[in-house]
Structure formats: C-alpha cells, structure tokens
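Input: a single structure, listed below in structure tokens.
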Amino acid sequence: MDLRRQLAVLRSRSRLIIGSVLLAAIASALVSLALPKVYQSRVTLVVGQSLAAVNPDINQLLVSQKLSETYAEVARTDPVLQAVSNQLGLGVSPDNLRGRVSTDAPRDITLLRITATDGDPNQAARIANEVANQLIKLSPTLQGRNPAIEQSIASNLTALQQVIEDTQTRITALLNNTSRTNAEDQELADLQSRLVTLRQTYVTLLGISTGSAANFLTVVEPARAPTDPASPRLPINTGIGALMGLLVAVGLALLIDHMDDTVKTAEIAGEVTGLPTLGTIVRMRLATGREKFYSLPTLLYPRSRGAEAFRTLRTNLDFAHVDGPVKTILVSSAGQSEGKTTVSANLAIALGQAGRSTILVDADLRVPELHDYFQLTNDQGLTSLLRDETLPVSAVARETEEPRLRVVTSGPVPPNPAELLGSQRMRGVIERLKNAADVIVFDSPPLSAVTDAAILASAVDGTLLVVDAHRTRRDLARGGANALKRVGARVLGVVLNRVSGGTLDVYGPSYYDEDRAARPKSRSGAGSRSREPKPGTPRVARAPGAATSPAPAQAAAGSPVAAGSIASSVARPPSTSMQPAAPRAATSPPPFSLPAAPVARSSAAAQSPAPQPVSPRPVPPRLARLPRPPQRLPPWPPHRWARRRLGQHRGGYHRPRARRRIPRLSACRE
C-alpha cells in the first residue's frame, strides 16, 4: 500500500480518527481531574568546601563526589527516615516514608538533591528539609573534630614552618658566599636535602588538618512549599491521551482497511472481476428514507452529479460494444441491495434523453420494484406478455415523464420465474421488444440469490454487473462475474455504485448549478452588490430601460426569442399538491418574456418568414401529479441548510414564497 493510498484511507476514516482523538483527550482530562493532587518539594545540598576554597584541590572534589553518592543512599535508610518521622510526628513507618522520599546525586558534581512527595505542599517541604537536617547531623559538620589532635597538628605546622624558613635563610646565605670551603659546600648540600624533607612533612600535616573539610554538608537551597501540583498534569496528560488516541485510531483505520475486502475502487473491481469499469456512481443520500421516485436524479436533477454519472455510463456503454450493436442490456448485481434497480432505471432515462426509444423491463419476477420507482400499477407486465403471445407490447408498456422511455413492469409474480425466463416464449418476447424500441434495458434479480439473471444474461446482447463499493465482497463480485462467464454471457463491464465522493467532485458544486449562467452580474463594477432574488423566483434577463411588465403583444412581436421557447427552457415551479395546476388564461400575458429589441434586417431577410415560436412539449398528465423539484436545483446531494432554505421537507417539496416586485419610481412616472 503506497502513501497516497494510506492517506486516502485515513481521509475516508477521518470521523473515526477525530472521534478517537477527542474521546481519548476527554478521557485523559477526566481521569486527570479525578486523580488526587500530589506536590513535590526539593532541597539541595553541597558536599565539601569546594565553594569556599580559593584554590580547590582536585582530590577533595573527587572525594566529595563519592561522598554525595554515599549520602544519597544514607538518606533512604531506616534510621534516618525513622528520625524524620519522629521529629515531624508523621506516625508512619520508614517503609512508607521511603516511597515518598527520593534522592539524586548527579555525576561529576558535588550536589545532593532530596525530593519529598506529599498531598500537602507544606508537609512535602517539611519532610525534605528534615531529611537534609538528619544527614547534616550524621556528617562531621556538626560533630566537629578532636580538639587535642587539631591543636597538635596546628603547633607542628607552625614549628615546621619556622624550621623551613630558617633552613631557607641559611641556604641563601651559603649560596651568596662565593669563596666557600669544602665544609661549607657539604653543609649546603645537607641543608638542601633537609629542606625537601621538611616541605614534604609540611604538606602531609596540612592535608591531615584540611582533609575532613571534604565531608562537610551545606544546604544551598532549602525546600519551599510548591504552588502547583507535580501530578496530575492536565495539559500534558491530555496531550499524551490525544496522541495515543491518534495512534490507535490510525492503526485501527489501517487495520480495518486491510481487513476490509469490499470492492472500494475501480482498480480493485477490475482486478477482481477482470472487467472494465464503465461507470462510477456517487452515493445519493437524498434517496435515503424517502420515496423511490427521488432515486432518479436523471429525471429530477438533470444537472446534478448523479445524473452526470449516469450520462458518463451511457457514453462509456456506447464505446464498449465495438464488435456489434447492443440493443438488449441486462443490469444485474452479485448480491442483494447493491442498487441494480436504481442503476437500470437511471440508465434507461439517460438513454431516452439521448434520443433513443428505450423500454425498461422489470425482469425481477421475485421482488419487483420498478413500478414503485415510477409510481405505476403492477397489474400487467412481463408475465402478461409471456402468458398471452397475442398481447401487443404497447398494451403493457407504460408512458413515463421521459417521452422516449416506456416501462414494462413485471406483472403478477409467477410461481416459477426461472422456468419462464428460460423458456422460448421469453426469447420471443425479447424479439418483440427489440422491434418496439431501439434499446431494451432489463432489471434482473441478483446473481448470488437465484439463477434468473444468469439464464436471462445468455439471451441478451450485453450485461452490466453492478457492484456496491461499500458492501460487495471481493469473493462475491468474483463469483458473480464467473457466473456470467460460465453461461456464455457477454459482460460489457462493471458499474461501481455508491462511491463516496466520486470522480465528479473535482469540478465543485457550482459547476453543475443550473443558475450559473443566469446569475446577475454587477452593474457598476466589482465593488457593487447585486440584489439576489429568493430561491424559486424565476430569473429573467431584462434589457436596460425596459419596463417591468412588457405587454404581451410587444413581447410576442418584438422579441427575437418566442415566449414559448423561454417558458420551455425555464424550469416549472414546484406544485404544492399532487393535482395538476390550473391552466393559465389565454388573455393573460406570458409569464416570462423579453422586451422588444429593434433588429436591422436586409431586404432578403425581411421577405423571409418570421421564425415560428416553438411550442412547449406537452406535459404528460402524470407529470403534474408527481411532486416536482424546486426551480433552483441545489448541488447533489443538497445540504441540510439548502433543503431548509428551498422549502424541501421530508413530506415533499413546497413552493417557496415569492417576493413581491415593486416597480421603480422612474417606470411609474413613464
């Protein structure tokens, strides 16, 4: 797994990672707040007299360093700790107090640090200071030395110093005498040897007199009551908890991805099935918990990402069958609830929108659902054609909102679906359907559940295998592809359904906005603000100086674009009920029109007949009964705030309140 793939996995599991980090941080903070506060106080001592000496001796420094380590161990012995407990009246045993006292003797220095821990800051300071006092009592600092020995050493040093001075004076006098005799030369040599011996003796006595200074203890920094607890440290514990939660969440996300064997990407689908991926359908969240009619973005949201994905599938399907024409297409899936019915319905609508006469057949004779998508009755359908060979296709093919699409429902559910789909009558029905339309799209049961899809796949020109990106296991997808190959079916490719994000997100939501080209521009430059009408209010481009409501005759005669073409190009406002809207009076002005604009014509152009207005497409009677989407289409899927703003609720779409237009004062004066 490369770094880019790992980052994609972590991005897909961002909610898990963020939740784990927050949960770990909150848990660490709560535990830290629940723990009792502990305070620490420290006292610092120096071993020896190196700080007071003008010329400290290296030997004394080495001795003081070794003694600091010795005192660090002595401070935790039972006699010292028992004396501390008795002096402060703690009433605890040395073993209990030993766990609250710690010592530290750093290397290469003569310092000794004693740290005491307690729940009371003042008590911690008292314990640390008392341990230091008990160590000082054990050292020669307070016990001192034997006065007689000290006096004898001092007197010997004084006498020896006087002898050394006399000998040095005599040697100097002899050296100044240039006419010395042999006896004087011998005396000079003896005096020089004696001077060396006297100096060695002096150094020895001096070391004996000052050697015990290396064993002195002096308090450099006494212990004080701390103000902040040493533990628990809330910021540090919270940060450590958040870091641990992040590491655990990242590891868990990578482990889940490693253990997850679903077909998540088109590359994995191609590796598992050995088939090309013809389409990638994004997840349509709007269809969750609502009527199945809203799972048709190609019909309701023709410029949404979902509709564009099905148009891409339609285009790829055209280039997939280069060997021969494909008039009958079977849409199936490896497992259940993978969206094959939604894919087949939207693909059929996309084919119809491309100008092809299309028939959508519900070949799922076990659990039919296509009639629910188009809100049709299921009294007649495919089983009726199988039962009665004289029944024409037009008798069971139902009209839909797309003029070039008809739907043949399943009809009454038979007791033997597999036998009916594999019979010769089914082959005859397929030929009759081919003669009735350009393209036939079959919706079939899943391959892993029953054998109906495999039987029907051998009789059609091509098969599409729908794979759910978050549900279909790799073994299940591989088994579905192999099942189609075993019956000799011509598998066109794979449709990866319910992909998170999808490949169309790179254009952003505004690219597919239907109002993108009709947004009002600034009148006086980039710094001015334009008035934005409410959602649902039709946007009409007006020429400068035009009246607010032009006359119908003027709009019909002077406008180069007929009112009917404008009305057909502007989406109809949503209906508040399931009943068809009342027809507009013939004498009323057209709802949308452009002002008159003089156009210079040549003589030849003047003699040519004026272009006739294109009459709007007749609306099927069922189209007015169905709930329509809002006029300003939100990006797919719409966000919650956009649904509230556009008046879209769980029960259906509601017409937003239109803003009353007030004409300008200049227009009223004219």
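Computed from the coordinates by the stated procedures, all read-outs in this text should not be read as laboratory data. Every value quoted in this text rests on a predicted model; they were computed, and no experiment measured them. Virtual Cβ from ideal backbone geometry, glycine too; neighbours counted across all protein chains shown.
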Next item on the list: Mind checking which of Leu484, Phe374, Ser444 is farthest towards the positive end of region 273-509's charge dipole, using Cβ charges of +1 (Lys, Arg) and -1 (Asp, Glu) about the Cα centre?
Entry: Leu484
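Compute the FRET efficiency between Arg366 and Leu246 as 1/(1 + (r/R0)^6), taking r as their Cβ-Cβ distance and R0 = 45 Å, and round to the nearest 0.05. Display every interim value, and only then the final one.
Details: r = 48 Å, r/R0 = 1.07.
Here the calculated transfer efficiency is 0.40.
I need the calculated FRET efficiency for the pair Leu254 and Leu35, taking r as the beta carbon distance and R₀ as 45 Å, to the nearest 0.05. Let's see the in-between values first.
On the way: r = 33 Å, r/R0 = 0.72.
So, using R0 = 45 Å, E works out to roughly 0.85.
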Notebook entry, point to check: How large is ³J(HN,Hα) for each residue in region 164-181, as worked out from phi by the Karplus curve 6.51 cos²θ - 1.76 cosθ + 1.60 (θ = phi - 60°), to whole Hz, x for Gly and Pro?
Noted result: 5, 5, 4, 5, 5, 5, 5, 5, 5, 5, 5, 5, 7, 7, 7, 10, 8, 8
Next item on the list: Determine the alpha carbon to alpha carbon distance for each of Lys327/Lys485; Lys340/Lys485; Lys37/Lys137; Lys264/Lys485; Lys37/Lys66; Lys292/Lys485 and list only those over 26 Å.
Entry: Lys37/Lys137; Lys37/Lys66; Lys292/Lys485
Next item on the list: For region 183-188, take each phi angle, set θ = phi - 60°, evaluate the Karplus expression 6.51 cos²θ - 1.76 cosθ + 1.60, and give the result in whole Hz per residue in order, putting x for glycine and proline.
Entry: 5, 5, 5, 5, 5, 4
Next item on the list: Give, rounded to the nearest 20 debye, the magnitude of the charge dipole that region 273-509 has about its Cα centre when Lys and Arg contribute +1 at Cβ and Asp and Glu contribute -1 at Cβ.
Entry: 560 debye
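Subtract the Cα-Cα distance of Val219 and Glu271 from 0.36 nm times their separation in residues, and report this length gain in nm to one decimal.
Numbers: separation 52, 0.36 × 52 = 18.72 nm, distance 7.64 nm.
The Val219-Glu271 span can extend by a further 11.1 nm.
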Note to self: Using the basic label-point model (7 angstrom from Cα toward the beta carbon), what is the Leu22 to Asn86 distance in nanometres?
What the structure shows: 6.0 nm
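Arrange the peptides 75-83, 125-133, 345-353 so that the one whose residues have, on average, the most other Cβ atoms within 10 Å appears first. Could the numbers behind the result be given before it?
Values: 75-83: 17.4, 125-133: 23.1, 345-353: 27.3.
Sorting 75-83, 125-133, 345-353 by mean packing, highest first, produces 345-353, 125-133, 75-83.
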Check: Once region 273-509 is represented by equal point scatterers at the alpha-carbon sites, with solvent omitted, what log10 I(q)/I(0) does the Debye formula produce at q = 0.09 Å⁻¹?
Finding: -0.33
Item checked: Estimated D of region 396-468 in µm² per second, where Rh is the Kirkwood radius over Cα pairs and Stokes-Einstein applies at 4 °C, 1.567 mPa s -> 95 µm²/s
Check: So which trypsin sites (Lys or Arg not before Pro) in region 186-286 are both in a DSSP loop and have at most 16 other Cβ atoms within 10 Å of their Cβ?
Finding: Arg224, Arg233
Next item on the list: Sorted from largest down, give the three principal axis spans of the alpha carbons of region 151-234, whole angstrom values.
Entry: 91, 29, 14
Next item on the list: Give me Rg over Rh for region 3-143, both radii from the alpha carbons and Rh done the Kirkwood way, two decimal places.
Entry: 1.28
Next item on the list: Sort 251-262, 294-305 for me by packing, meaning the mean count of neighbouring Cβ atoms within 10 Å per residue, highest on top.
Entry: 294-305, 251-262
Margin query: Could you give each residue of region 475-481 its phi-based ³J(HN,Hα) in whole Hz, using Karplus coefficients 6.51, -1.76, 1.60 with θ = phi - 60°, and x for Gly or Pro?
Written below: 5, 5, 5, 5, x, x, 5
Next item on the list: Scan region 325-418 for GluC sites (Glu not before Pro) in coil per DSSP, keeping those whose Cβ has at most 15 other Cβ atoms within 10 Å, and list them by number.
Entry: Glu389
Check: Picking from Gly48, Gly89, Leu35, whose Cα lies most toward the positive end of the charge dipole for region 3-143 (charges on Cβ: Lys, Arg +1; Asp, Glu -1)?
Finding: Leu35
Checklist line | FRET efficiency, 1/(1 + (r/R0)^6) with R0 22 Å, evaluated for Asp190 and Ala159 via beta carbons | finding: 0.65
Checklist line | All-pairs Cα distance distribution in region 263-404, expressed in whole percent, bin size 10 Å | finding: 10, 38, 37, 14, 1
